[in-house]
Structure formats: C-alpha cells, structure tokens
Amino acid sequence: MPAAASVAVFARNEAAGLQDCLRALGVALDGLDASITVVLNDTTDGSAGVVRLYAKSSPSPMRLFEIRFGDKSNAWNQYVHALAPAASMHVFVDGYAMVTPDAIRALAAALAEHPQAHAAAALPSCGRSAPSQRAAMRRSPALHGSLHALRGTFLDRIRAAGIYLPIGLYRGDGLVGSLVVHDLDARANAWDTGRIALAEAATWTVAPLSPFRPRDLRRLWNRRIQQARGGFEDAALKECIYSGNYGSLPRFADYMVADWLQRNPVALQGRSLFPRLARARLASPRAPAKALLEASMVPLGPVAEPPGPWRTGAEGASPPLSTGNPA
C-alpha cells in the first residue's frame, strides 16, 4: 500500500531556515504514515549537515539527495520522475517555509473532500501581500510554490505522460498549476480551477528578510529580476502550450524565453530596469550537462528496507529510506 504522504523539500543554500522547516514538518507529520525527501540544489552552505542532524530524531523516514545544478524546476523533475515514492499525496515545500502544525492534514482533508481535485492549495498568511493573495486565491484557486499538494494518482499521470518542467523555469509552480487545471491537456480541457481544492487551514510562515543583511538584499534584488523574467515566461509558455500542448514544452527555459523575446521585441519597450536586467541574463542561456542535473543520494545513517513499493527510475531502483532515529 502507498504511504499516506510523501513530502518533497527543495532548498538551495537554506541552512539557516532548513532546520526550522524540518522541525515544523516533524510536528505536522507526527502520527502520519509519511516520509520526507530533501533535495538540495547546488548547495554549499552546510545544508546537508543540517538534514543529517535532524534525521537522527526525525519521526518520519527521510532521504537526502544533492543536485549540482541550482534550479528548482529541475529538482521537481528529478523528484517526480526518479525519486518519488508511492504515496496517496505528494506535498511540496520550500526549504525556508515552516508549515503550521495542521497544514499537512488540512491538505489531505481538502483532497478527500473534493474528489474531483488533482491538487490542494495552501493559503499564505505572512507578508504584506498575504491578505490580497488569499483573496485572489479564493476567487481563482492556484498553487503557491511554498506549500501545496498533488494527488498521488495525478503525479503518476504526469510521469506516465512524460511531462517535464523546462529546466531553469522560474515560475515552475505556475506551470504545475496549469497542468492541474487543464487536466494535462490544454487543448482539449477547459481551464477549470475546480481541479484545485483550497485548504483554508493549511499555511506556513517564513523568517522575514532584512534590508540590513547583505544576503537578504541580494535575494530581494534577484527576486525582482526573476519576477520580471516570470512575465516573459508566462507569455512564452502560453504560446507554447496552447499551440502544441504540454508535450511541446522545451527542455530549457532560457532558450524558450530568449526566442520569444526575439520574436516579440516590443515586450521590452518602455520597461523599467528589472525586465531589462532579466533580458540581459538571457545573453548566456543555460544548458547544463546531464550529469549536473541528476540527483545523487547522500547517506543519512542506518538504512532500512523501504516501507512499500518503490518505482524504478531512469538510473535504477529508488534508494531506500533512512530510518530516522539511528542508534
């Protein structure tokens, strides 16, 4: 039998917040038949040590993987197509987010109460924009990248259809939401937000960024540039999806966006600094080697036989889980 839940945690140089993220998950998963898979992307700040330390007392089985290329969309692809265990629900969490104690159960309850839904959305509760985001999500349900869930059978269908997110895509979670509301076929199935169930009690908190910390300032600056890029991505993705469906998604997002901008130069006219900086970054599109994109397992201590059926990925059988609580 598949586990009730599999939680995928994606992080890149989030050691400062990853410990709190995992501790919050430990509370939320207490008593549930669930496992945690942490995927670190191009991480150099000791995050692996944080995960190893937490695994010693984790109430849930854990696995840790590292990818040398820093990209969440690629990490999502690796989890979906090679790392995900059999589970009734897959929960996706950013490594700096601290889920509330009832968040995982609320996501599961939303899926149970809405059998037509393929996904469950958590609603933001922190930050100045949280009230407006919550109101917008109630009007038109969508998936927030920090915390959401996909039904296990839907993730199986994504895998069977061979759908991958373009590597380097900033708004990957938005594309996942599109897969949900179109039921994997943008040309045959109308946009139906009823395929996303809102879990009103599911939310998370994050440590606030400070303008007095250089690292936070760099993150805020980069976020503004990436948000500007996201607007170009949306336009390029719509053109791609509604003409050729999800099977026509390109392998690399940089080339997709650069090509769209070349064919639509008016998109940059009159734009402010950040869209132009986003365009400048596309002067060197990223097409990393396959070896940099693949996930490698990091031992967490004693291992046990997996608690249920495990799929076979492109490189062979998925590695077993750490038991947690090693002697």
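Readers should treat all values here as calculations from the given coordinates under stated rules, not as data from a laboratory. Worth saying up front: this structure is predicted, and the values here are computed from it rather than measured. Here the Cβ positions follow ideal geometry from the backbone for every residue, glycine too, while neighbour counts run over all protein chains shown.
Summary of values
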quantity	calculated
Whole-number percent relative contact order across segment 214-281, with pairs defined as alpha carbons under 8 Å at least 6 apart	42 percent
Value of relative contact order over the chain, rounded to a whole percent, pairs C-alpha under 8 Å and six or more apart	24 percent
In order through segment 126-139: 3J(HN,Hα) via Karplus (6.51 cos²θ - 1.76 cosθ + 1.60), integer Hz, x for Gly, Pro	10, x, 5, 8, 4, x, 5, 5, 4, 4, 5, 5, 6, 6
Euclidean distance of C-alpha centroids, segment 53-91 and segment 160-201, integer Å	20 Å
Charge dipole (debye, nearest 20) of the chain; +1 at Cβ of Lys and Arg, -1 at Cβ of Asp and Glu	1080 debye
Net dipole in debye of segment 214-281 [+1 Lys, Arg Cβ; -1 Asp, Glu Cβ; about Cα centre; nearest 20]	400 debye
Helical contribution to [θ] at 222 nm, DSSP H n ≥ 4, -39,500 (n - 2.57), averaged over the chain, rounded to 500	-12000 deg cm²/dmol
Global form of segment 1-96, assessed from the alpha-carbon gyration tensor, a/c cut-off 1.5	oblate
Which of LEU198, LEU25 has the fewest Cβ neighbours within 10 Å, and the rest in rising order	LEU198, LEU25
J(HN,Hα) series, segment 29-38, from Karplus relation 6.51 cos²θ - 1.76 cosθ + 1.60, nearest Hz, glycine and proline x	9, 4, x, 9, 7, 8, 10, 10, 10, 9
Cα-based shape type of segment 1-47, given that a ≥ b ≥ c are square roots of the gyration tensor eigenvalues and the cut on a/c is 1.5	oblate
Gyration tensor (alpha-carbon) shape descriptor, the chain, a/c threshold 1.5	rounded
